[in-house]
Amino acid sequence: MSLVEVRNLTKVYPIGESIFGGGSHGEVRAVDDVSLTIEAGETLGLIGESGSGKSTLGRLILRLVEPTAGSIRFAGHDLRTAGHLAMRRMRRDMQIIFQDPFASLDPRLRVNDVIAEPLLIHESMTANARRQRVAELLHAVGMDESAGQRFPHEFSGGQRQRIGIARALALRPRFIVADEPVSALDVSVGAQIVNLLARLQREFQLTYLFISHSMPVVRYLSTRIAVMYRGQIVETGSTEQIAEHPGHPYTKTLLGATPEIAI
Ligand SMILES: Nc1ncnc2c1ncn2[C@@H]1O[C@H](COP(=O)(O)OP(=O)(O)O)[C@@H](O)[C@H]1O
Ligand SMILES: [Mg+2]
């Protein structure tokens, strides 16, 4: 059984709807009949140009966006028919890391509280146990415990992304959607974050959907790669197969268009 099983997933957004009630002038099929599986412990790289539907697909899988059609199974459970309690349980198992760590962290909270927030919502722990867990998480992402007393804006982009990762790990999830987690960072800083994600995957037995528009970045981390174009998966294969012997013309364009970066 795959950890994630997506069948015929579709998300349609109406476009051109007039605020004066002129009605809908069309629709965008952000995700169009996508089927894929993600095995426990692997990284599925999802690559495609901007607007191809990558973020929508990631959010659909986490049920942050409601599908127009299709199904998502997580660890064998159908997410659409899961009851409130089962869904609450599964939410802990599935987390997201965003592209822009700054926008995704509450600037009014100290780092300790940013990381502790999901624990407050989902876990009944003593304050002491929570402090302990936050310290462990900071350590796991390579930050000093004293960082917890400071505010997110006091940190660089790379450090903020580490804070975002610590927060995503707080509930000990099994599955993480990393939505362009290094796209806003300098190449060398991005490489450190990619290495951190690889280490955390081994340490915490994580499964990733790793979204990026950059083949060198996707290639470094992924077991398999799915190529997305205009809402559809046009090609899926092992990392080697996609990067060395792309079958689809669009994949060839992606390979040609991305400059090599040093990881
Ligand atoms: N909330 C939304 N409302 C309307 N259109 C949307 C919404 N979210 C995404 N889209 C559209 O869906 C398509 C796919 O977007 P997105 O999933 O963000 O692509 P990517 O992450 O690959 O850049 C784009 O055309 C985008 O404009
Ligand atoms: Mg996106």
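Let's see how each residue does on (1) within 16 Å of ligand 2 (Cβ to nearest atom); (2) in contact with a Lys or Arg (Cβ under 8 Å, 6 or more places away or on another chain); (3) under 30 Å from residue 27 (Cβ atoms); (4) hydrophobic (A, V, I, L, M, F, W, C):
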{"position": "78", "(1), (2), (3), (4)": "no, no, yes, no"}
{"position": "129", "(1), (2), (3), (4)": "no, no, no, yes"}
{"position": "133", "(1), (2), (3), (4)": "no, no, no, no"}
{"position": "146", "(1), (2), (3), (4)": "no, no, no, no"}
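Which one of these does residue 92 not meet: (1) buried (at least 18 other Cβ atoms within 10 Å of the Cβ); (2) touching a Leu at 6+ places or on another chain (Cβ under 6 Å)?
(1)
For segment 156-176, indicate whether the set of residues that are in contact (Cβ under 8 Å) with a residue 24 or more places away in the chain and over 18 Å from the mean Cα position of the chain (by Cα) is non-empty.
Within segment 156-176, one or more residues are in contact (Cβ under 8 Å) with a residue 24 or more places away in the chain and over 18 Å from the mean Cα position of the chain (by Cα).
Need at least 2 residues that are under 19 Å from residue 41 (Cβ atoms) per element, so show me which helices (runs of 4 or more DSSP H) inside segment 156-263 make the cut, counting only ones lying wholly within it.
157-169, 187-204, 215-221, 239-244
For segment 175-188, what are the residues that are buried (at least 20 other Cβ atoms within 10 Å of the Cβ) and touching an Asp or Glu at 6+ places or on another chain (Cβ under 7 Å)?
175
Scan segment 155-171 and give yes if some residue there is over 30 Å from residue 9 (Cβ atoms) and aromatic (Phe, Trp, Tyr), otherwise no.
yes
Is there any pair with a first residue in segment 42-54 that is farther than 17 Å from residue 98 by Cβ and a second that is near ligand 2 (Cβ under 10 Å from one of its atoms) and not in a strand (DSSP E or B) whose Cβ atoms are under 7 Å apart and which are 6 or more apart or on different chains, and what are they?
Taking only residues 6 or more apart or on different chains, the pairs are 47/213; 48/54; 48/213; 49/213.
Are there any pairs, at least 6 apart or on different chains, whose C-beta atoms fall under 7 Å, with the first in segment 59-85 and over 17 Å from residue 36 (Cα atoms) and the second buried (at least 18 other Cβ atoms within 10 Å of the Cβ) and at pLDDT below 90, and if so, which?
Close Cβ pairs satisfying both conditions: 82/90.
Regarding residue 21, is this residue more than 15 Å from the chain's Cα centre (by Cα), away from ligand 2 (no atom under 16 Å from the Cβ) and at pLDDT below 90?
Answer is yes for this residue.
Which of the residues spanning segment 169-210 are within 18 Å of residue 143 (Cα to Cα) and in contact with a strand residue (DSSP E or B) (Cβ under 7 Å, 6 or more places away or on another chain)?
Matches in segment 169-210: 181, 197, 201.
Looking at 219, 202, 172, 224, which one is among the charged types (D, E, K, R) and either within 16 Å of ligand 1 (Cβ to nearest atom) or closer than 26 Å to residue 121 by Cα (or both)?
Testing whether each residue is among the charged types (D, E, K, R) and either within 16 Å of ligand 1 (Cβ to nearest atom) or closer than 26 Å to residue 121 by Cα (or both) leaves just 172.
Hey, residue 103 hits all of (1) within 16 Å of ligand 2 (Cβ to nearest atom); (2) crowded, with 18+ Cβ neighbours inside 10 Å but one; which does it fall short on?
The single condition residue 103 does not satisfy is (2).
The values are calculated or read from the model by the stated rules, or taken from the named source; none is laboratory data. Quantities reported herein were computed from a predicted structural model and do not represent experimental measurements. Please note: Cβ atoms are built from the backbone with ideal geometry, for glycine as well, and neighbour counts cover all protein chains shown.
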